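Engineer: Okay, handing you the structure first.
The values are calculated or read from the model by the stated rules, or taken from the named source; none is laboratory data. Here the structure is a predicted model, which means the values were calculated and not measured. Every residue, glycine among them, receives a Cβ derived from its backbone with ideal geometry; neighbour counts consider all protein chains shown. For accessibility, only protein heavy atoms count, side chains too; no ligands or nucleic acids. Shrake-Rupley method; radii C 1.70, N 1.55, O 1.52, S 1.80 Å.
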Amino acid sequence: EGTQNLNALTAHLEEHVGPVKDVMHEICSDFIHCDILHVEPSAKYPFHTLVTSGMSDRPMNVPDGLEHLKLAEVYLCLP
């Protein structure tokens with residue numbers, strides 16, 4: 001399942017943000033395998049984009065009414 005999510009996230013990022021330059025693979029985890037995808041700055045998105053892949057394999061505890069957000073990844077933009 002983790003590879004399927006990684007492939008889907010990579011395709012989504014490359015379609016909407018830009019080419020994934022690097023994937024930082026987690027080496028050891030007790031709960032999930034979480035990689036970090038890196039997209040370099042471009043004219044359209046002038047910052048480094050980092051996105052996790054794997055965190056959404058396990059649901060988070062969320063407040064009532066926000067159940068649709070229980071499976072999420074982290075998206076971070078850096079100068």
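Engineer: Taking only the range 19-39 into account, find how many residues are within 18 Å of Val74 (Cβ to Cβ) and either out of contact with any His (no Cβ under 9 Å at 6 or more places or on another chain) or in a loop (DSSP other than H, G, I, E, B) (or both).
Structural biologist: The total comes to 8.
Engineer: May I pose another question? Please verify whether Gly54 is on the phi > 0 side of the Ramachandran plot, open to solvent by less than 60 Å² (accessible area, probe 1.4 Å) and modelled with pLDDT of 95 or more, treating the condition exactly as stated. Give the steps one after another, and end with the answer.
Structural biologist: On the way: on the phi > 0 side of the Ramachandran plot: yes; open to solvent by less than 60 Å² (accessible area, probe 1.4 Å): yes; modelled with pLDDT of 95 or more: no.
No.
Engineer: When the range 9-41 is examined, which residues are found to be hydroxyl-bearing (Ser, Thr, Tyr) and either without any contact (Cβ under 8 Å) to a residue 40 or more places away in the chain or open to solvent by 50 Å² or more (accessible area, probe 1.4 Å) (or both)?
Structural biologist: If the condition is that a residue be hydroxyl-bearing (Ser, Thr, Tyr) and either without any contact (Cβ under 8 Å) to a residue 40 or more places away in the chain or open to solvent by 50 Å² or more (accessible area, probe 1.4 Å) (or both), then Ser29 is the only one that fits.
Engineer: Could you tell me which numbered condition Leu6 fails, if it satisfies all but one of (1) open to solvent by 40 Å² or more (accessible area, probe 1.4 Å); (2) assigned to a helix (DSSP H, G or I); (3) of a type in the set (A, V, I, L, M, F, W, C); (4) at pLDDT below 90?
Structural biologist: (1)
Engineer: Let me ask you something else. Counting only residues that are surrounded by 13 or more Cβ atoms within 10 Å (Cβ to Cβ), at pLDDT 95 or above and farther than 23 Å from Pro19 by Cβ, how many does the range 57-79 have?
Structural biologist: 1
Engineer: Among what's in the range 42-51 and is open to solvent by less than 70 Å² (accessible area, probe 1.4 Å) and not polar (S, T, N, Q), pick the residue that is nearest to Val17 (Cα to Cα). Please lay out each step first, then the result.
Structural biologist: So in the range 42-51, the residues open to solvent by less than 70 Å² (accessible area, probe 1.4 Å) come out as 42, 45, 47-51.
Cutting the leftovers down to not polar (S, T, N, Q) gives us 45, 47-48, 50-51.
Numbers: Tyr45: 7, Phe47: 11, His48: 10, Leu50: 11, Val51: 11 Å.
Top of the filtered list is Tyr45.
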